[in-house]
Amino acid sequence: MPDNFILTRAAELDALGAFREFIARVCERLQIPNEISFELQLACDEAATNVIRHGYAGMNPGSIMLELRPQRKKIEMVLSDFGHPFEPVETDAPDVNAMLQDQPTTGFGLYFIYRTMDDVQYYSDEQGNHLVLVKELSSK
Amino acid sequence: MFRALRLKQEPVKVAPEPKPLTIDEWMGDAQFPLGIRTINALPHDAKQRFYRTLIPPALLGRLGINPILWRGSGHAVELFAEPASGKVNLSINNVQDPNDAYFVLELQDNATNGIDLNLIILNDPDAEKFGIDFDAEGKATHWGTITRNLAEEERAMRAGLAPAQVRAGMGFARQVLQQLDVFLALCARQAVSLEPLTYASAWIFEKNGFAYVRGHKLMDDIQREFQPGGTLHAALDGSTPFRQPDAWQTVRGRAWAIQDGILEVIGERWRDLRMIKVVGKHAGVETFPNAKY
């Protein structure tokens, strides 16, 4: 599958819906199971939210580029931005009891990313900051 | 006319200057990224070979210039690439008026040792020239960014030009930017950045694959507020020649209104936008869908 699929939006919360819809459409076209599509959408939601809230904090927000790179047995989802580098570091499991008691808790999204994706890489270079999320297709 | 796409101040370096490379170092690693300063340190003929890739041969042909010799038909390519400088400037000027440029391309190592595109000018020598670049007292307006020559700007607008254009363009913007991608790949660089001078130039760069380091939200805000019912749409009240009611429908119309300061009604100014193009990749940004230029 040689196609790459790119969607670029301003780093605003409005972009999240467009990214979800884009992932769903690409997965449908590539006949990727719904379960994987949902996991990719949720992981994208969390990662893009971090970029919007932290990466572009204090800046006139620039772009977030979402790129899906389907390969034979996996799909790579790359989120690129040009704000402050903000690496989503793996976190411990969130405190479920605190959540049930409606107490503030953070890190659930990052925990989810690391739990559902098969590989997570983050790097910054001349082209910006890149979060590369890999999901194996063959295990499903 | 020209299309001046970006102007900026000298960058403040935050990364160390790269050292000149030896031939062995050049030969040793094709992935080693080269900066402008490194190329400028080469002998003149060697750097000319590099910089030759930046000008589309068809553009030179249009001006009657030999693409190898860089001269002919009364025109010549001038190369400014001083050995200790991180800046290169290529230009083709009206031989009778050195301030009348037909083509300018300027690149510069930026503060983080990336490469910035400082300026592109692409003017049709046969098109009428408008004096928007100098005010009534003969002082430079920096293409209307510092001061404005309102009478000439209005004449230029009515002739179909965008802000910062002194003549109609030659139509080579896409080819020059494609050549720039080739040059960057040759230098093992991954991206080029710039600051769009006007709304129209930002739109052109979007069409050519650029994304925004800063200012994407502003472009979205501009699009939204120029729609009927929006604040910018309402401010197109005919109060100046640059704020005509139908200006929201075209890139140039919006650009002239923005040049006229209309963004003040949404608490903004045209400033601090920065764009980036990743070599070989089109970002697909379209902040003014189905736009008419």
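Some notes on this structure:
- Residues that are in contact with a Cys (Cβ under 9 Å, 6 or more places away or on another chain) and not in a helix (DSSP H, G or I), drawn from region B:28-47: B:PRO33, B:LEU34, B:GLY35
- Complete set of residues in region B:162-174 that are part of a loop (DSSP other than H, G, I, E, B) and under 25 Å from B:LEU60 (Cα atoms): B:ALA162, B:ALA164, B:GLN165, B:VAL166, B:ARG167, B:ALA168, B:MET170, B:GLY171, B:PHE172
- Sole residue being of a type in the set (Phe, Trp, Tyr) and free of Cβ contacts under 8 Å to residues at least 60 places away in the same chain, chosen from B:PHE130, B:PHE134: B:PHE134
- In region B:94-143, of all residues being of a type in the set (Phe, Trp, Tyr) and assigned to a strand (DSSP E or B), the one that is surrounded by the most Cβ atoms within 10 Å (Cβ to Cβ) corresponds to B:PHE103.
- Residue within region B:185-204 that is over 13 Å from the mean Cα position of the chain (by Cα), closer than 16 Å to B:LEU34 by Cβ and not hydrophobic (A, V, I, L, M, F, W, C) present: yes
- Once region B:144-161 is narrowed to residues that are surrounded by fewer than 16 Cβ atoms within 10 Å (Cβ to Cβ) and assigned to a loop (DSSP other than H, G, I, E, B), the residue that is farthest from the chain's Cα centre (by Cα) is B:ALA159.
- Unmet requirement for A:MET59, which otherwise passes all of (1) within 14 Å of chain B (Cβ to nearest Cβ); (2) under 22 Å from A:ARG115 (Cβ atoms); (3) of a type in the set (A, V, I, L, M, F, W, C): (2)
- Among the residues of region A:14-34, the ones that are in a loop (DSSP other than H, G, I, E, B) and within 11 Å of another protein chain (Cβ to nearest Cβ) come to 1 in all.
- Taking every residue in region B:232-253 that is within 20 Å of B:LYS292 (Cα to Cα) and open to solvent by 70 Å² or more (accessible area, probe 1.4 Å) and pairing it with any residue that is aliphatic (A, V, I, L, M) and assigned to a loop (DSSP other than H, G, I, E, B), at least 6 positions away or on another chain, the pairs with Cβ-Cβ distances below 6 Å are B:PRO245/B:LEU236; B:ARG252/B:ALA162.
- If you go through region B:70-90 and keep only what is out of contact with any Pro (no Cβ under 9 Å at 6 or more places or on another chain) and not aliphatic (A, V, I, L, M), you end up with B:TRP70, B:ARG71, B:GLY72, B:SER73, B:GLY74, B:GLU78, B:PHE80, B:GLU82, B:SER85, B:LYS87, B:ASN89.
- Note on region B:267-287: among residues that are open to solvent by 70 Å² or more (accessible area, probe 1.4 Å) and touching a strand residue (DSSP E or B) at 6+ places or on another chain (Cβ under 8 Å), the one that is nearest to the other protein chains (Cβ to nearest Cβ) is B:ASP272.
- Criterion: touching a helix residue (DSSP H, G or I) at 6+ places or on another chain (Cβ under 6 Å), away from chain A (no Cβ under 14 Å) and either of a type outside the set (Gly, Ala, Ser) or within 30 Å of A:HIS84 (Cα to Cα) (or both) - qualifying residue of B:ALA162, B:ALA200: B:ALA200
- Qualifying residue in region B:203-221 (condition: within 11 Å of another protein chain (Cβ to nearest Cβ) and over 18 Å from A:ASP81 (Cβ atoms)): yes
- Test result for B:ALA257, among the hydrophobic types (A, V, I, L, M, F, W, C), closer than 26 Å to B:VAL192 by Cα and crowded, with 23+ Cβ neighbours inside 10 Å: no
The values are calculated or read from the model by the stated rules, or taken from the named source; none is laboratory data. Since this is a predicted model, take the numbers as computed values, not measurements. Quick reminder, even Gly has a Cβ in these numbers, built from the backbone with ideal geometry, and neighbours come from all protein chains shown. Just the protein is used for accessible areas: all its heavy atoms, side chains included, with ligands, DNA and RNA removed. Shrake-Rupley method; radii C 1.70, N 1.55, O 1.52, S 1.80 Å.
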